[in-house]
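A short write-up of the structure that comes next.
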Amino acid sequence: CAMFLRHAIGQGRGRVIEMAAGMEEGEVQFYEAAVDKSSSTLVMTELHHEEFPWTGVSTSSVVHQGRLDSMIDVDELVGNVLLKVDVQGAELAALMSASGLLPRIDAVIVEVDFEEHYVGQSTPDDIVRFLLDSGFHFAGVVELLERHSDAGVVQADLLFRRALQVG
């Protein structure tokens with residue numbers, strides 16, 4: 001994914017940090033799935049394997065984890081800043097690790113999972129509550145992932161914007 005991101009953002013338009021985002025600094029297990037976008041620091045549940053059988057069995061490796069507000073200097077955040085968080089169940093920890101950056105962020109897109117696909121994953125309620133308490137307001141749904149069998153919503157990417165100052 002890092003190589004794809006480097007190519008996508010181009011030279012001098014940003015940087016790619018190859019590290020897991022979380023509350024604690026240190027080494028963590030990272031579970032690599034057959035499909036990259038299902039890889040996580042959390043273990044997949046049986047439900048995940050049932051609903052997404054093509055993701056395959058995970059292998060694991062050790063990766064470095066750090067806080068987003070330690071990885072990124074707040075002074076780097078200029079202009080309109082979007083934070084996109086899609087870390088397969090660990091979204092709340094990633095957002096909390098950015099607490100020092102959030103005042104400079106204008107919008108957040110975060111994936112929420114309505115079913116337990118990862119052991120110990122963040123809940124939509126906790127993610128939404130954290131962002132509302134951090135001065136953002138819910139601004140819409142960017143994308144939905146529906147289950148093929150019954151069209152039930154499995155995941156959604158939610159958009160939050162900085163709350164407007166009144167007065």
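Between residue 35 and residue 5, what is the FRET efficiency for a Förster distance of 25 Å, r being their Cβ-Cβ separation, to the nearest 0.05?
0.90
Would you mind counting up the charge near residue 137? Only other residues with Cβ under 10 Å from its Cβ, with Lys and Arg at +1 and Asp and Glu at -1.
+2
Could you check which residue among 15, 129, 67 shows the biggest mean-square fluctuation in a GNM of the chain with a 10 Å Cα cutoff?
With Cα springs under 10 Å in the chain, the top fluctuation among 15, 129, 67 is at 15.
If you roll a 1.4 Å probe over the heavy atoms of the protein chains, what accessible area per residue do you get for segment 1-86, in Å²?
Value returned for segment 1-86: 67 Å² of accessible area per residue.
Could you work out the Kirkwood radius for segment 71-167, taking every pair of different alpha carbons, averaging 1/r and inverting it, reported in Å?
On the way: mean 1/r = 0.0706 Å⁻¹.
For segment 71-167, inverting the mean 1/r across all distinct Cα pairs yields 14.2 Å.
If contacts are Cα pairs under 8 angstrom and at least 6 residues apart, what is the relative contact order of segment 107-167 in percent?
It comes to 43 percent, rounded to a whole number.
If I take every Cα pair under 8 Å that is 6 or more residues apart in the chain, average their sequence separation and divide by the length, what percent do I get for the relative contact order?
20 percent
How long is the chain along each principal axis, judged by its Cα atoms, biggest number first, in Å?
The Cα atoms of the chain stretch 50, 34, 30 Å along their principal axes.
Quick one: what does P(r) look like for segment 1-58 with 5 Å bins over all Cα pairs, in whole %?
Here the calculated profile for segment 1-58 is 4, 16, 21, 17, 17, 16, 7, 2, 0.
Starting from the alpha-carbon convex hull of segment 20-91, give the projected area averaged over all orientations, in nm².
Its Cα hull, projected and averaged over all orientations, spans 5.7 nm².
Considering only DSSP beta bridges whose two residues both sit in the chain, what percent are antiparallel, to the nearest 5?
Taking every DSSP beta bridge with both residues in the chain, the antiparallel ones total about 80 percent.
Could you give the size of the charge dipole of segment 1-144 about its Cα centre, using +1 on the Cβ of each K and R and -1 on the Cβ of each D and E, expressed in debye and rounded to the nearest 20?
About 600 debye.
Roll a 1.4 angstrom probe over the protein heavy atoms and tell me the percent of accessible area of segment 33-167 that is carbon or sulfur.
C and S fraction of accessible area: 56 percent.
Only loop residues by DSSP count here, and only those with at most 15 other Cβ atoms within 10 Å; note down the chymotrypsin sites (Phe, Trp or Tyr not before Pro) in segment 51-139 that meet that.
Listed in order of number, the matching sites are 114.
Excluding residue 96 itself, what net charge comes from residues whose Cβ is under 13 Å from its Cβ, given Lys and Arg +1 and Asp and Glu -1?
-3
Around residue 61, what is the net charge, scoring Lys/Arg as +1 and Asp/Glu as -1 over all other residues with Cβ under 15 Å from its Cβ?
Around residue 61, the surrounding residues sum to -4.
The values are calculated or read from the model by the stated rules, or taken from the named source; none is laboratory data. As the structure is a computational prediction, the values presented were derived from the model and not from experiment. Cβ: placed from backbone, ideal geometry, glycine included. Neighbour counts: every protein chain shown. SASA here: full protein model, heavy atoms, side chains in, ligands and nucleic acids out. Shrake-Rupley method; radii C 1.70, N 1.55, O 1.52, S 1.80 Å.
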